[in-house]
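S.K.: Pasting a structure below so you can have a look.
A short reminder: the numbers here are calculations on the coordinates, not readings from a lab. Everything quoted here is computed from the prediction, not taken from an experiment. No Cβ is skipped: glycine too gets one built from the backbone with ideal geometry, and neighbour counts run over all protein chains shown.
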Amino acid sequence: RFQMASPAMPHQTAALEIARQLWDCIEEHGREECFAYIAPSDVALGEDKMTVVQPDVYVHCHPERETLTGPHRGAPDFAIEVLSPSNPENDLWRKRELYRRHGVREYWIVDPAGFSVYIFDFEKEGPGEEAPERYAFDTEVPVRISDGTCKVDFRKVYRKIEHFYSMNL
């Protein structure tokens, strides 16, 4: 079990803006079977449902797995983790491998402090292929599972979080 503090403001702001853009795209394109969620929201991975994670943002396109109470059942189609300075290894290694093993199709690691996004396309990668595609916060990043129909504009994310990094706290 991990004891973790609540995410800092840049983390929460980035996650909320990404989720907002995904939600808008899902709605705009009439994907009524898909929903975007933000943490805290439990997801039970695997058949035993004993492995529970809370992705910062995720998209689930399987209404039959939805529950009124309890965790979502089964891997989301798309998961995003926003790096926390206190525990980056958890997102970079542990969660990435859990998501890959349990059938997440696409995984993004968002680094607000480094203004970077790392994309793992698990549908296209073979075992051992772990070189992510990297984007800076100066572009739109296509969501591969939507064949690029949906994009996240990281220029908007940057505008929402840049002031946090210019503060002298």
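S.K.: For Cys150, which sequence-distant residues (separation of 5 or more, or a different chain) have an amide H within less than 5 Å of its own amide H, given hydrogens modelled in the peptide plane?
M.R.: Val143
S.K.: Quick one: net charge of Leu16's neighbours, Cβ under 12 Å, K/R +1, D/E -1?
M.R.: Net local charge, Leu16 excluded: +1.
S.K.: Under the rule of at least 5 residues apart or a separate chain, name every residue whose amide H is placed under 5 Å from the amide H of Phe122.
M.R.: Glu106, Tyr107
S.K.: Viscosity 0.692 mPa s, temperature 37 °C: Stokes-Einstein D of the chain from its Kirkwood Cα radius, in µm² per second?
M.R.: Reported coefficient: 201 µm²/s.
S.K.: Would you mind computing, in nm to one decimal, how far apart the modelled labels at Arg31 and Glu97 are, each placed 7 Å from Cα along Cα→Cβ?
M.R.: 2.9 nm
S.K.: Moving to a separate point now. Using only helices, what value at 222 nm comes out for the chain when you add -39,500 (n - 2.57) per DSSP H run of length 4 or more and divide by the total residues, to the nearest 500 deg cm²/dmol?
M.R.: -7500 deg cm²/dmol
S.K.: Could you work out the mean projected area of the convex hull around the alpha carbons of the range 57-113, in square nanometres to one decimal?
M.R.: 4.3 nm²
S.K.: Also, quick follow-up: Out of the GluC sites (Glu not before Pro) in the range 75-169, which ones are loop residues according to DSSP with at most 14 other C-beta atoms within 10 Å?
M.R.: Answer in residue order: Glu123, Glu125, Glu129, Glu130.
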